[in-house]
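Here's the structure we're looking at; comments come further down.
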Amino acid sequence: MESGLFRLPQLLDLLDEGEPIVPPAEIVYSSAPRLCMASDGRAYVVKGPQLEVVAAETVAHALAEIVELPVPKYALARDGDGARHFASRHIDGLRDITPFIAQNRALLAQVVAFDVWLFNNDRNLGAFVMGPEGLVAIDFEKSRIIRSRTPTVEIPTLQPRTLWPRGELGQLMKGIAMPRDFLGKLENVSDSDIESAVRGVSAQLPEYTWSESTTFALTQRRKKIRSLVKEVWP
């Protein structure tokens, strides 16, 4: 939600410790997500409290909303000890999206372009859900622009081609067109939009002390997003 100049994420309380979520075949969940009930009476997929994971997921979801990329509704959620976690609304849908790739190629291309902006190099078949309203992108926890405390130093040492989706998804997406209209949408994200999203998260997550570095790096990458995507596209 918006409050003044900031896009403040909703803050909920967790009502239980939840149940571990079993990943699809051949996929490993490094953040051990859990399905929990929250104080709004809804079920959420919860990750954390590792600070890098919580910051990366929350900022990424705030930015995805700005560019109208389909992601679950999200919040920050407190456990009984007061620690904050990332929480995304549970979607009761299909985890095997293979049958739906052909009719969603344009959206998949947009997600990859968004990943390039955030340097999220963990896109695979398990990072989507086919819900009642269509394909939804999840799993932005590896977004290095947000996780890194010094992104302008770290990111130039990494290989851009690692941002192309891994495994079977990468193979199935070969030949997909670059999403030029969506790149225009990324270019049109304003400095104030970026600052609003990042500072809104840091206001609710005070341990996220490197938010200014995140804002600067996102702004710089937005300015050259077309050339960055060209480096990644096969």
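Figures for the structure shown
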read-out	value
Some residue of segment 14-30 being closer than 26 Å to Leu169 by Cα and either modelled with pLDDT of 95 or more or not in a loop (DSSP other than H, G, I, E, B) (or both)	yes
Test: residue in segment 226-234 that is over 16 Å from Leu63 (Cα atoms) and modelled with pLDDT under 95	yes
Flag for Ala217 being aliphatic (A, V, I, L, M), at pLDDT 95 or above, out of contact with any Asp or Glu (no Cβ under 6 Å at 6 or more places or on another chain) and not in a loop (DSSP other than H, G, I, E, B)	yes
Residues satisfying the stated conditions in segment 130-164, i.e. basic (Lys, Arg), surrounded by 13 or more Cβ atoms within 10 Å (Cβ to Cβ) and outside any loop (DSSP other than H, G, I, E, B)	Arg144, Arg147
Members of segment 85-129 found to be surrounded by fewer than 21 Cβ atoms within 10 Å (Cβ to Cβ) and either at positive phi or among the hydroxyl-bearing types (Ser, Thr, Tyr) (or both), listed by number	Thr98
Tabulated pairs, segment 208-234, first aromatic (Phe, Trp, Tyr), second crowded, with 20+ Cβ neighbours inside 10 Å and not in a loop (DSSP other than H, G, I, E, B), C-beta under 7 angstrom, 6+ apart or interchain	Tyr208/Ala55; Tyr208/Val201; Tyr208/Ser202
Residue tally, condition in contact (Cβ under 8 Å) with a residue 60 or more places away in the chain and over 17 Å from the mean Cα position of the chain (by Cα), over segment 187-207	4
Considering residues of segment 74-84 that are small (Gly, Ala, Ser) and touching a Leu at 6+ places or on another chain (Cβ under 7 Å) only, the residue surrounded by the most Cβ atoms within 10 Å (Cβ to Cβ)	Ala77
The listed residue being of a type in the set (S, T, N, Q) and in contact with an Asp or Glu (Cβ under 9 Å, 6 or more places away or on another chain), out of Asn120, Asn188	Asn120
Considering residues of segment 85-129 that are part of a strand (DSSP E or B) and out of contact with any Pro (no Cβ under 6 Å at 6 or more places or on another chain) only, the residue farthest from Thr58 (Cα to Cα)	Leu94
Residue within segment 165-175 that is within 19 Å of the chain's Cα centre (by Cα), modelled with pLDDT of 95 or more, under 28 Å from Gly93 (Cα atoms) and outside any loop (DSSP other than H, G, I, E, B) present	yes
Residues of segment 50-90 that turn out to be farther than 17 Å from Val198 by Cα and either in contact with a Cys (Cβ under 6 Å, 6 or more places away or on another chain) or hydroxyl-bearing (Ser, Thr, Tyr) (or both), as a count	1
Any pair with Cβ under 6 angstrom, 6 or more apart, that starts in segment 175-186 at a residue that is closer than 13 Å to Ser227 by Cα and in contact (Cβ under 8 Å) with a residue 60 or more places away in the chain and ends at one that is outside any helix (DSSP H, G or I) and of a type outside the set (Val, Ile, Thr)	Met178/Trp233
Boolean, Gly41 is more than 30 Å from Ser190 (Cβ to Cβ), surrounded by fewer than 22 Cβ atoms within 10 Å (Cβ to Cβ) and touching a residue at least 60 places away in the same chain (Cβ under 8 Å)	no
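The values are calculated or read from the model by the stated rules, or taken from the named source; none is laboratory data. Here the structure is a predicted model, which is why all the values come from computation and not from measurement. All Cβ positions, glycine included, derive from the backbone under ideal geometry; neighbour counts span all protein chains shown.
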